[in-house]
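The block underneath contains the structure these notes are about, expressed in structure tokens.
What follows draws every value from the coordinates through simple rules; no lab data is involved. All values reported here derive from a predicted model rather than from experimental measurement. As a convention, Cβ positions derive from the backbone with ideal geometry for all residues, glycine included, and neighbour counts pool all protein chains shown.
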Amino acid sequence: MLKEHLEIVTGNSTYLDDIHFDNEVYLYVIRSNYARAKIKSISKPSNALLFLTGKDFYAEMPVISLPNARIARMPVLAKEDVNFFGQPVAAVVTENRYDTEDVAEEVSVEYEPEKPITNVYESMKDEDIIHPNLKTNVSIDTEVKGGNVKLKEKADVVVEREITQNRIVSNPMEPKGIIAYYHDGILTIYSSIQAPFRIRNDLREVLGIEPERIKVFAPKNVGGGFGNKVPAHPEYVIASIASMKLGRPVKWIETRREHLTNPTQGRGVSGKVRLYATKEGKALGVEGEIIVDLGAYNYTLNVTTPVFISRLLTGPYKMDFISVRARGVFTNLPPTGPYRGAGRPEAALFHETLMEDLANELKMDSAEIRERNLIDGEYVTPSGLKIDKAGYREVFSKAKEIYNKLKGKSKGVSIVVFAEQISVPPGEGARVIVGKGKIRIIVPSGPHGQAHRSTFAKLASEILKNDNIEVITGTTEGVKEGIGSYGSRTAAIAGSAVIEACKTLLETLKSRNITLEEAINSDEEISVEVFARGDVIFSPGAHVALVDVDRETYFPRVVEYYTVDDVGRVIIKEEVEGQVIGGVLQGVSQVLWEEAKYDENGIPLILSIGDEGVPTALEAFYKTITNIYQYPSPLPSGARGVGEAGTIGALPATFIAIEKLLGVKLNRTPVTPDYIFSLIEK
């Protein structure tokens, strides 16, 4: 067992709430209980150390934007309007954590409720504008177009899919949290995060503090992230402001109830996409529209999601054109953002259901139609994505072998193929330090459930020929520049940064005529830092799912699941397998169980993690067999990404297998028993 895993299972790791400062105080955030309303007045409590509203401090959260986008940034604290249930409107700080709710109960907020808009199609009518200054509810409306669109006129067959992927909550085991301490002009942050430099940059932008005066640290263990812990959130800003005013450490730990309605939620994607093909089964291209429910505000990078999904709609297939309208639309629901896969699974569901429909239309085998159109190696898609050479044919061949063995057992067997885009650019930083008896490596990119420290130590030991290596992750300290852990990027590019830093160190020592052993035992420390850069790479995957549906209760379930993934170089085998298996469960879970439900007034119908549909071990009981193929990437680490592969494959594989078993077309996730019953009744 890896050291990181042993510490966690034996209860000897450190999470954020295990960290305590002397003189620590506690933050509580008062939230809107309306999805849309005007704030008329807010009363002050009597016993708070500090009380803040949007009138005391007004700022807006950072956004990654696109040209021609209409941007509505989310206020840190709402000042005049609230636009989703759970939006922060005020904050109190108390001496004792258990006093926070009592003090908060003294606060009375008077609202003037307004009619919320909870549906993207209603919102796009622009009959009622959520942000009047924008004069529309459509934040982004653009076209992803490439190749020879006129070729669609030569199509013999056209198949179409319209699917809605409902919202789900990003549910890490540990919710978000922060400890902010402003002292002697330095803002020190401890937070359960994926990207320390992103947190620093976001706080710098909102607070106006020079970056060198902000120090960010993740605890030794971050209990999951799934994209939700990449950016800063309003509570991080509030805690920082509170500490700046009080001169004391301020802690905020998110409750699960808060987490269920806080930004960011995942998915919330609708679309109608057509696939054009010849009668011989040659796919020509795709056309259609993708609509993303952005929620009440632009938040982190959600304005880019519609375009990102659209560009991936041709999948790992040779096609000649793409023409997709991509729109992001405001609603009075919590802002959406990246959730494991972050656009990749959403796109895969469309391109794989379309391929399945094409096979049915032409009376071809599911595997045959995919194999006929699969890319062979390096390929530029009609949307301009450059796919690097990898083991597409080899991965598919193994999956096809499994599929052919299973399809005689049941109708409910599917095969899917995908190309996982790895978020390598712009790169990642790493520093290696030798001296005073040890070797230390600092990497900003930190784990949130993975074994990054063991991974980096192994890569470094291969170069330095020394196993006594200390690895420090998840911090802005000791390195000049870093990006973070998301998009399946860490082993690929952060691992490459570690390799390049170690090689540079050896070159530096050689130029000084010093051996590594002499440098380690020196009283003087020698350090080098690199920022490894790289282009986007892709990881091929092909998955096979076998499902069943209880004919009395209509509960669907996965019986067996097989993965075949090209992960580049395998650094730690059990880590690769664990990432794939966990990812598969989250893809299966989206299809079978999970949904962030709201009523027509924008009020959440989920009061617990169970209400949202997160499965227990009883529901998640199925056989998963992983198969790993290694076609090294062009990066120094040789690794590709694997963190999101399971989710990308499991969403379409499970969805299509249910369709094949029941002989119906599905048009939404989740595929609940009542939904199945309604389809069978029809």
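Things worth noting here:
- Amide H within-cut-off set for A639, under 5 Å, with H built and near neighbours excluded: R569, S633
- For H183, distant residues with modelled amide H under 5 Å away: T188
- Of the GluC sites (Glu not before Pro) in segment 376-474, the ones in a loop by DSSP (not H, G, I, E or B) with at most 14 other beta carbons within 10 Å are E378.
- Alpha-carbon centroid distance for the pair segment 306-349 / segment 400-475, whole angstrom: 26
- The aspartates and glutamates whose alpha-carbon is closer than 19 Å to the alpha-carbon of K682, local same-chain residues fewer than 8 away aside, are E162, D550, E552, E659, D674.
- Projecting the Cα positions of T616, Y190, G377 onto the charge dipole of the chain (unit charges on Cβ atoms of Lys, Arg, Asp and Glu, taken about the Cα centre) puts G377 furthest along the positive direction.
- Per-residue Karplus couplings for segment 236-242, computed as 6.51 cos²θ - 1.76 cosθ + 1.60 with θ equal to phi - 60°, are listed in order as 5, 5, 4, 4, 5, 4, 4 Hz, Gly and Pro entered as x.
- Each residue of segment 37-44 was assigned a 3J(HN,Hα) from its phi angle through the Karplus expression (A = 6.51, B = -1.76, C = 1.60, θ = phi - 60°), giving 6, 9, 8, 8, 6, 9, 8, 9 Hz with x at Gly and Pro.
- Among (i) 26.5, 97; (ii) 31.6, 107; (iii) 25.4, 80, the entry that matches Rg and Dmax of the Cα atoms in Å as calculated here: (iii)
- Loop-located trypsin sites (Lys or Arg not before Pro) across segment 291-392 with a Cβ neighbour count of 10 or fewer within 10 Å are K363, with loop assigned by DSSP.
- Size check on segment 461-580: the Cα extents along the three principal axes, sorted descending, read 75, 26, 23 Å.
- Rounded to the nearest 20, the Cβ-based charge dipole of the chain about its Cα centre (Lys and Arg +1, Asp and Glu -1) stands at 1480 debye.
- Options V120, T553, A650, ranked by Cα towards positive dipole end of the chain, top entry (Cβ charges): A650
- Annotation: extensible slack from E368 through I64 equals 105.3 nm (criterion: 0.36 nm per residue apart, minus Cα-Cα distance).
- Legend: calculated FRET efficiency, E574 to K480, from the Cβ-Cβ distance at R0 = 30 Å, rounded to 0.05, equals 0.35.
- FRET E, pair K40, K279, Förster distance 60 Å, beta-carbon r, rounded to 0.05: 0.40
- Centre-to-centre, using Cα atoms only, segment 131-160 and segment 604-622 are separated by 36 Å.
- Here the relative contact order of segment 20-109, from alpha carbon pairs under 8 Å that lie six or more residues apart, stands at 48 percent.
- Estimated dipole of segment 427-533 in Debye, rounded to 20 [Cβ of Lys and Arg +1, of Asp and Glu -1, Cα centre]: 260
- Net charge in the neighbourhood of S410 (other residues with Cβ under 11 Å of its Cβ; Lys, Arg +1, Asp, Glu -1) is +2.
- In segment 191-279, GluC sites (Glu not before Pro) in a DSSP loop with at most 15 other beta-carbon atoms within 10 Å: none
- Cα-based Lys proximity count in segment 427-533, under 16 Å, for pairs eight or more positions apart or on separate chains: 5
- Two-site FRET efficiency, K503 against K438, from Cβ-Cβ distance with R₀ of 22 Å, rounded to 0.05: 0.70
- Under a 5 Å amide H cut-off, with hydrogens placed 1.01 Å from N, M61 pairs with M74, V76 among residues at least 5 apart or on other chains.
- When each of K386/K407; K272/K405; K40/K176; K152/K272 is checked by Cα-Cα distance, pairs over 28 Å: K386/K407; K272/K405; K40/K176
- Only one residue of G429, N466, N513 has its Cα farthest out toward the positive end of the dipole of segment 427-533, where Lys and Arg carry +1 and Asp and Glu -1 on Cβ, and that residue is G429.
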